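J.: One structure follows; several queries about it will come next.
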Amino acid sequence: MRMKGAGRRWWTAGVSVVMALGVSACASLGRATFQEPVVRLREVNVTGLGLAGGSLDVVLSVYNPNGYTLDALNMTYQVDIDTIRLGSGALPERFAVTQKDSSIVRLPIRFTYAGLGAAGRSLLMAGSVNYRVRGDVTVATPLGKFTRPYDRTGRYSSVSGSGRGSGSSFQFR
């Protein structure tokens, strides 16, 4: 039996709607089973100092609670000291976090002393400053690609060389 004209168009439209609903259902299922990675600030390392400024690495630990590897395709970041933007950028390489495991991620930051101003004085005088690390990450999973923002605040102490965050970790949102 061959369909003609309007019957064929209705059948094609029906199949298209069913396929679209199926793809949508799979994407929704993927989002429901995807567990957000947990990120912790591990340390801040000064990697260079000069007359006008310097560079540092913000070191994060990324834990994958999922039962499959997360392949981070892209990660952007912005680091603020108190209310002053210290630096921002995009991670230059991809990284993967295997299932139920952690990976170390280093975010390179270049800064100028003029840009630090009061925050630098606060670090020198009090030995600690408030910080904020934020951005977004895109991960590829067997369930699809997900882009999620992240945001972490805390207090960094140059005396102990460690960050004291609001809570022990933060999650992508």
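J.: What is the fewest-to-most order of Leu91, Leu49, Leu70 by other Cβ atoms lying within 10 Å of their Cβ? Don't skip to the end; give the middle numbers.
T.: Working: Leu91 17, Leu49 11, Leu70 25.
Taking fewest neighbouring Cβ atoms as first place, the list is Leu49, Leu91, Leu70.
J.: To continue, here is another question. Just round it to a whole percent: the fraction of Cα-Cα distances in segment 64-120 exceeding 14 Å. Could the numbers behind the result be given before it?
T.: Details: 988 of 1596 pairs.
More than 14 Å apart: 62 percent of the Cα pairs in segment 64-120.
J.: While we're here: For segment 36-171, report the translational diffusion coefficient in µm²/s to the nearest whole number, using Stokes-Einstein at 10 °C, 1.306 mPa s, and a Kirkwood Rh over Cα pairs. Please report the intermediate quantities before stating the final value.
T.: Working: Rh = 15.5 Å.
So the translational diffusion coefficient is about 103 µm²/s.
Laboratory data are not the source of any read-out in this text; all were calculated from the coordinates shown. If you're wondering where the values come from, they're calculated on a predicted model, not measured in any experiment. Cβ coordinates were reconstructed from backbone atoms using ideal geometry, including for glycine residues, and neighbour counts include every protein chain displayed.
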